[in-house]
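> One structure, as structure tokens, below. Some questions next.
The values are calculated or read from the model by the stated rules, or taken from the named source; none is laboratory data. Predicted model, so just to flag it, every value in this text is computed and none were measured. Positions of Cβ are generated from backbone atoms using ideal geometry, with glycine treated the same way; all protein chains shown enter the neighbour counts.
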Amino acid sequence: MKILVTGGAGFIGSHVVDSLLSEGHDVVVVDDLSSGRKDNCPVTVSLYEGDIRNEMFMRTVFEEENPEIIFHFAAQLSVRNSVEDPLFDADVNIMSFIYLLNLARDFKVSKIIFASSAGTVYGDKDLLPVDESAETLPECPYGISKLTMEKYAYFYQIAYGLNYTALRFSNVYGPRQNPHGEAGVIGIFTQRMLAEEDCFINGDGLTTRDFIYISDVVNACMISMKTDIVGEYNISRGEQTNILTIGRYLKEYIGYSKKIKHRQAQPGEQRFGEYSSQLFQQRTGWSPEISIELGLQKTVKSFKNRE
Ligand SMILES: NC(=O)c1ccc[n+]([C@@H]2O[C@H](COP(=O)([O-])OP(=O)(O)OC[C@H]3O[C@@H](n4cnc5c(N)ncnc54)[C@H](O)[C@@H]3O)[C@@H](O)[C@H]2O)c1
């Protein structure tokens with residue numbers, strides 16, 4: 001099958017590309033390489049280097065490739081940047097998604113699977129774990145964008161019969177995660193500890209996140225493509241791990257000799273994160289398989305090899 005992956009040179013996208021290639025699919029990637037890397041893209045993939053906001057460019061890709069399925073991962077994904085520049089966030093995340101949906105409709109794409117965000121679409125909740133029945137009250141423009149994308153996908157489904165699955169990922173980590181961005185404490189710590197550089201925990205380190213390893217996320221993406229499942233689903237482990245614990249495991253696995261330092265907490269940062277993926281599990285038979293300990297060991301190994 002011909003499959004288009006936007007953001008396919010990035011962290012999650014490139015792992016999905018690998019999985020699609022291993023199953024013999026014909027894969028086309030669109031990526032502007034703003035945070036992705038060309039060397040994440042195998043040579044057997046047709047890489048169109050460009051911006052998803054460029055309607056003409058995207059139309060040309062569809063005319064030349066005529067994909068049957070779309071995985072959409074390209075995004076502005078910094079919460080902080082979305083607060084500083086909500087217009088840019090909306091332009092990348094919402095406007096270009098509407099172009100993409102129009103193209104998907106016009107070129108009769110059978111399904112679009114895209115990345116949403118469990119960590120931001122619900123907003124801060126007292127009752128954990130959060131499942132899909134919880135009220136969605138995003139507290140940052142990035143979360144508003146992701147939720148808006150889901151609403152547009154729903155509209156294109158009821159109006160034009162375009163199938164979609166919105167995967168609300170929790171905190172994804174693993175090989176190829178960008179260690180320089182704002183998101184991804186695991187990528188940042190792994191890179192810094194391997195280089196024996198200082199590592200900082202913002203605040204007391206008791207903040208928790210629901211970390212999920214990349215291979216579990218890829219499996220959820222592949223299942224979404226192969227089944228007729230539609231709608232919005234949390235993709236998470238349903239388990240909280242605090243940042244102190246992440247730091248302790250990584251220090252041990254890497255043999256980092258320095259003490260992890262603390263600095264001031266980021267204002268407005270969500271305190272606890274835990275999301276239930278029971279709905280997706282019940283409907284598809286998927287379940288997260290990689291424990292945090294094993295996932296961290298695999299991540300350290302791959303970062304070492306890449307050094
Ligand atoms: N990593 C996580 O924990 C996480 C959690 C929830 C949701 N998500 C979502 O998953 C998706 C992938 O995230 P990731 O962690 O792999 O990030 P990433 O930065 O590694 O990947 C994003 C890719 O999109 C490309 N891109 C960005 N803007 C583009 C544009 N305008 N035109 C073309 N390409 C563009 C980048 O170059 C990069 O290759 C995003 O939609 C993100 O919002 C990620």
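> Within region 259-282, which residues are crowded, with 18+ Cβ neighbours inside 10 Å and closer than 24 Å to GLU232 by Cβ? Spell out how you get there, then give the answer.
Start the filter on region 259-282 by keeping residues that are crowded, with 18+ Cβ neighbours inside 10 Å, which leaves 260, 270, 273-277, 280.
Result: GLN270, GLY273, GLU274, TYR275, SER276, SER277, PHE280.
> Hey, another quick one. Just give me the residues in region 154-183 being outside any helix (DSSP H, G or I), away from the ligand (no atom under 12 Å from the Cβ) and surrounded by fewer than 23 Cβ atoms within 10 Å (Cβ to Cβ), in sequence order. Walk me through it before giving the result.
Just the residues of region 154-183 that are outside any helix (DSSP H, G or I), to begin with: 161-183.
Filter once more, keeping what is away from the ligand (no atom under 12 Å from the Cβ): 161-165.
Residues satisfying the conditions are GLY161, LEU162, ASN163.
> As an exercise: evaluate LEU250 against (1) over 20 Å from ASP131 (Cα atoms); (2) surrounded by fewer than 16 Cβ atoms within 10 Å (Cβ to Cβ); (3) not assigned by TED's automatic domain parsing to the domain that holds PHE71 and give the number of the one condition it does not meet.
For LEU250, the exception is condition (2).
> Follow-up. Condition first: at pLDDT below 95 and within 25 Å of the chain's Cα centre (by Cα). Now tell me which residues in region 241-271 satisfy that.
ALA265, GLN266, PRO267, GLY268, GLU269, GLN270, ARG271
> Still on this structure, please answer the following. Only residues that are more than 10 Å from the ligand (Cβ to nearest atom) and outside any helix (DSSP H, G or I): list them for region 57-112, please.
Of everything in region 57-112, those that are more than 10 Å from the ligand (Cβ to nearest atom) and outside any helix (DSSP H, G or I) turn out to be ASN66, PRO67, GLU68, ILE69, ILE70, ASP85, PHE107, LYS108, VAL109, SER110, LYS111, ILE112.
> Can you confirm whether TYR256 is closer than 24 Å to VAL217 by Cβ, buried (at least 19 other Cβ atoms within 10 Å of the Cβ) and of a type in the set (Phe, Trp, Tyr)? So that I can check it myself, show each step before the final result.
On the way: closer than 24 Å to VAL217 by Cβ: no; buried (at least 19 other Cβ atoms within 10 Å of the Cβ): yes; of a type in the set (Phe, Trp, Tyr): yes.
For TYR256, the condition - closer than 24 Å to VAL217 by Cβ, buried (at least 19 other Cβ atoms within 10 Å of the Cβ) and of a type in the set (Phe, Trp, Tyr) - is not met.
> May I pose another question? Please identify the pairs in which a residue from region 104-120 that is farther than 30 Å from GLY184 by Cα and of a type in the set (Val, Ile, Thr) has its Cβ atom under 8 Å from the Cβ atom of a residue that is part of a loop (DSSP other than H, G, I, E, B) and away from the ligand (no atom under 13 Å from the Cβ), counting only partners at least 6 apart or on another chain.
Sorted first by the residue in region 104-120, then by its partner, the pairs are VAL109/PRO67; VAL109/GLU68; VAL109/LEU162.
> Restricting the search to region 1-28, which residues are within 16 Å of the chain's Cα centre (by Cα) and not small (Gly, Ala, Ser)? Working first, answer last.
Here is the first cut: in region 1-28, the ones within 16 Å of the chain's Cα centre (by Cα) are 5-19.
Residues satisfying the conditions are VAL5, THR6, PHE11, ILE12, HIS15, VAL16, VAL17, ASP18.
> Sticking with this one: Looking only at residues that are among the hydroxyl-bearing types (Ser, Thr, Tyr) and modelled with pLDDT of 95 or more in region 44-56, which one is farthest from the ligand (Cβ to nearest atom)? I'd like the intermediate steps shown before the answer.
Keep residues of region 44-56 that are among the hydroxyl-bearing types (Ser, Thr, Tyr), which gives 44, 46, 48.
Filter once more, keeping what is modelled with pLDDT of 95 or more: 46, 48.
Details: SER46: 15, TYR48: 9 Å.
By that ranking, first place goes to SER46.
> Additional query: What pairs come up if the first residue lies in region 3-22 and is touching a residue at least 24 places away in the same chain (Cβ under 8 Å), the second is among the hydroxyl-bearing types (Ser, Thr, Tyr) and within 13 Å of the ligand (Cβ to nearest atom), and their beta carbons are under 8 Å apart, counting only those six or more places apart or on different chains?
GLY8/SER14; GLY10/SER35; GLY13/THR6
> So which residues in region 1-22 are of a type in the set (A, V, I, L, M, F, W, C) and within 14 Å of the ligand (Cβ to nearest atom)? Break it down stepwise before answering.
Within region 1-22, the subset of a type in the set (A, V, I, L, M, F, W, C) is 1, 3-5, 9, 11-12, 16-17, 20-21.
Once the filter is applied, which keeps residues that are of a type in the set (A, V, I, L, M, F, W, C) and within 14 Å of the ligand (Cβ to nearest atom), region 1-22 yields LEU4, VAL5, ALA9, PHE11, ILE12, VAL16, VAL17.
> Can you name every residue in region 23-38 that is within 12 Å of the ligand (Cβ to nearest atom) and free of Cβ contacts under 8 Å to residues at least 24 places away in the same chain?
SER34
> Would a scan of region 142-153 turn up a residue that is under 30 Å from ILE254 (Cβ atoms) and not in a strand (DSSP E or B)?
Applying the first criterion (under 30 Å from ILE254 (Cβ atoms)) to region 142-153 yields none.
Checked against the condition, which is being under 30 Å from ILE254 (Cβ atoms) and not in a strand (DSSP E or B), region 142-153 yields no hits at all.
> Enumerate the pairs (first residue in region 149-178 and under 18 Å from GLY238 (Cβ atoms) and of a type in the set (Val, Ile, Thr); second residue anywhere and in a helix (DSSP H, G or I) and near the ligand (Cβ under 8 Å from one of its atoms)) with beta-carbon separation below 8 Å, excluding pairs fewer than 6 apart on the same chain, so at least 6 apart or on different chains.
Within 8 Å, the pairs are VAL172/PHE11; VAL172/ILE12.
> List the number of the failed condition for ALA104; all other conditions in (1) closer than 23 Å to LYS151 by Cα; (2) surrounded by fewer than 23 Cβ atoms within 10 Å (Cβ to Cβ) hold.
(2) is the only condition that ALA104 fails.
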